[in-house]
Amino acid sequence: MTQVWDRLYIGGIGDALELAESNPFKVTTVMSLCREPIRIRRGDVNYLNFPVVETSPMPTRWLDPIIDALFENIRWGKVLVASNGTSEAPVIAAAWMHTVGFKDFDAALAEIGKLHTIEPSPILLRSIRKAVR
């Protein structure tokens, strides 16, 4: 799990599953970008599921609810964006940072890349870049 902003973390499905046992960063919401919802859960954590396929373009109408949910949940706690691959969570985090005016999308992605390994899917990256412009 990697902290990429004050109350925003990115990681893999394993990080989300580990929260059932231990929650050292006091994560209050897990936003899963995986196709299947997280089944092993912690009672005091809110779980959201927005399936993202990294090899497919993401239409803006799919991105908007994800950004809205991130905005709403970061307002009252810490959020872990979890994905199966190495591109979905970092790309969504960068899109959120861009949308709220923290950093330009590419600058946010570059900053996240210094903290966490990113191998963005060109298809997903192109569609998100287009959606946030």
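Here is a check on your reading of the model: is residue 13 at pLDDT 90 or above, surrounded by 14 or more Cβ atoms within 10 Å (Cβ to Cβ), out of contact with any helix residue (DSSP H, G or I) (no Cβ under 9 Å at 6 or more places or on another chain) and β-branched (Val, Ile, Thr)?
Taking the combined requirement at face value, the residue satisfies it.
Identify all residues within region 64-108 that are closer than 13 Å to residue 30 by Cβ and not in a helix (DSSP H, G or I); write none if there are none.
77, 78, 79, 80, 81, 82, 83 - these are the residues of region 64-108 that are closer than 13 Å to residue 30 by Cβ and not in a helix (DSSP H, G or I).
Would region 69-78 turn up any residue that is of a type in the set (Asp, Glu), more than 16 Å from residue 125 (Cα to Cα) and in contact (Cβ under 8 Å) with a residue 24 or more places away in the chain?
Taking every residue of region 69-78 in turn, none turns out to be of a type in the set (Asp, Glu), more than 16 Å from residue 125 (Cα to Cα) and in contact (Cβ under 8 Å) with a residue 24 or more places away in the chain.
So which of 107, 82, 94 is crowded, with 23+ Cβ neighbours inside 10 Å and without any contact (Cβ under 8 Å) to a residue 60 or more places away in the chain?
After ruling out the rest, the residue left standing is 94.
The values are calculated or read from the model by the stated rules, or taken from the named source; none is laboratory data. For clarity, every value in this text was computed on a predicted model and none was experimentally measured. Using ideal geometry, Cβ is built from the backbone for each residue, glycine included, and neighbour counts are taken over all protein chains shown.
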